[in-house]
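The values are calculated or read from the model by the stated rules, or taken from the named source; none is laboratory data. Just so it is clear, the model here is predicted, and its values are computed rather than measured. Methodologically, a virtual Cβ is constructed for each residue, glycine included, from the backbone with ideal geometry; neighbour enumeration extends over all protein chains shown.
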Amino acid sequence: LTSIRYKTQRGPYAMVTDADVRFFESLLGSSHLITDPDECESYNIDFAKTVRGASQLVLKPTSTEEVSAILKYCNEQRLAVCPQSGNTGLVGGSNPVFDEIVISMKLMNKILDTNELTGILTCEAGCVLQDLDNHLSTVNLMMPLDLGAKGSCLIGGCVSTNAGGLRLLRYGNLHGNVLGVEAVKANGDIVDALNALKKNNTGYHLKHLFIGSEGTLGIVTKVSVQCPPLPKAINVAFLGLTSFDKVLKTYYLAKRHLGEILSSCEMMDRLSIDVSINNLGMKNPLTSREDGHEFYMIIETAGSHLVHDEEKLSSFVEKAINDDIIEDGTMTNESKKLEAIWGLRERISEGVLRDGYVFKYDISLPLLSFYKIVEVLRKEIRDSRIVRISGYGHLGDGNIHVQISIPEYYEDVAAQLEPFIFEYVSKCQGSISAEHGIGFKKTKYLHLSRSSSGIEIMI
Ligand code: MLT
Ligand code: ZN
């Protein structure tokens, strides 16, 4: 259980009784509540199978009023709750630690309004990100965020964790794109801050308190999002490089050559791409070197003129090859090939789980020391049980994901990694969490990224 691995004590909360279950049954109807231990299982374990709770009750509200009634009751009865969205989080923030009641937001999945002219979408928190994107594409709009987990993550969880993803470089984070939220506080009070105005300087912007607060201030029930127009042309370059120094040079060149149409700049080291190729059987589109490349990059453009954008991207790739910055590269705007290239990147997170147990670190670092952490770990943590130490991520956002995989969880390997990694990141003036949040796993390291006065305000 999570509590054993993380040495945590259960808080002084009440235990769920039959009377509590009866109350929730009368509130939600018996089909919107789960008590069967087998059915509760998937709500108790995270996507990467690193944390596990022991909840015996999952509630599935269908309205804000039901969320409010659940929280009011739990608050009065001192019952602990764990709000859960798509359960794709990687820091143990979305599943229970002990026997907390899971409040699953899955059934609150109505799209309330879409306006093609203003680009504003209003929906309930349980809408799947991919479904929203598909819906928006019918009116020539898109979601301003895109993640590997888009097929199962829910928008409320994205907002609550301020999820970043693959195109933050272009569209910015959710503090900018979310115009308003409706949320329910722990005592059941409903906070209506859903107003979908771009400008509204009438005091505190309450939405910001809920964006990225991971459910600590309340459960997000509705959101309104500013959505950009769907670009007419997407072009992607997939590049192979020999060193991280050249990765940085390529990023610099891409910003200057592609300017306003640059929509993504991702990097992956050899061992990260090996995950997709060897563990998932995907194909490397670069074939000039049989043994592959040390580093790979995906540079994407999103614009309004296919030929114009293609010209820009190919002149950038040509310059990078002529200046000997990249070793090999391929470009495409065909949807099947785009999907295949993005698949290599997006499925790393899924593929690495085939190695066994994965220690994952989502960190921000200044660009010049962005990749050093991987080299330092490879030097410092020499342990024959380790399958791979790899790094990939959102270069354009200064956000690297470091993965250390081993066949199974070993306490002594965990002790070698933590707090070492977090202290290293802190020394480099980085952040111990870039886009995945604090969750359950990082609370005790918060002081390495936040001042004590800042933490005091949060508590
Ligand atoms: C990603 O960029 O792929 C996601 O943040 C998930 C991960 O780090 O594995
Ligand atoms: Zn990421």
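Descriptive notes on the structure:
Okay, residues lined up against (1) surrounded by fewer than 20 Cβ atoms within 10 Å (Cβ to Cβ); (2) in a strand (DSSP E or B):
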{"site": "Asn235", "(1), (2)": "no, yes"}
{"site": "Val247", "(1), (2)": "no, no"}
{"site": "Tyr252", "(1), (2)": "yes, no"}
{"site": "Met267", "(1), (2)": "no, yes"}
{"site": "Met282", "(1), (2)": "yes, no"}
{"site": "Pro285", "(1), (2)": "yes, no"}
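- Boolean, Asp362 is within 16 Å of ligand 2 (Cβ to nearest atom), closer than 20 Å to Leu395 by Cα and in contact (Cβ under 8 Å) with a residue 12 or more places away in the chain: yes
- Count of segment 347-379 residues which are touching a Phe, Trp or Tyr at 6+ places or on another chain (Cβ under 9 Å), of a type in the set (D, E, K, R) and over 21 Å from Gly93 (Cα atoms): 2
- If only residues of segment 126-168 that are out of contact with any strand residue (DSSP E or B) (no Cβ under 7 Å at 6 or more places or on another chain) and either over 24 Å from Leu395 (Cα atoms) or of a type in the set (D, E, K, R) (or both) are counted, the one that is surrounded by the fewest Cβ atoms within 10 Å (Cβ to Cβ) is Thr138.
- Options Gln429, Gln403: the member that is more than 24 Å from Gln9 (Cα to Cα), crowded, with 21+ Cβ neighbours inside 10 Å and of a type in the set (S, T, N, Q): Gln403
- Criterion violated by Ala415 - all others in (1) among the aliphatic types (A, V, I, L, M); (2) touching a helix residue (DSSP H, G or I) at 6+ places or on another chain (Cβ under 7 Å); (3) not in a loop (DSSP other than H, G, I, E, B) satisfied: (2)
- Segment 432-448, subset crowded, with 19+ Cβ neighbours inside 10 Å and more than 16 Å from ligand 1 (Cβ to nearest atom), residue farthest from Val376 (Cα to Cα): Phe440
- Residues that are closer than 25 Å to Asp192 by Cβ, in contact with a Cys (Cβ under 9 Å, 6 or more places away or on another chain) and away from ligand 1 (no atom under 11 Å from the Cβ), drawn from segment 146-177: Leu154, Ile155, Gly156, Leu174, Asn177
- Residue count for segment 183-204 satisfying the condition of being touching a strand residue (DSSP E or B) at 6+ places or on another chain (Cβ under 9 Å), assigned to a loop (DSSP other than H, G, I, E, B) and modelled with pLDDT of 95 or more: 3.
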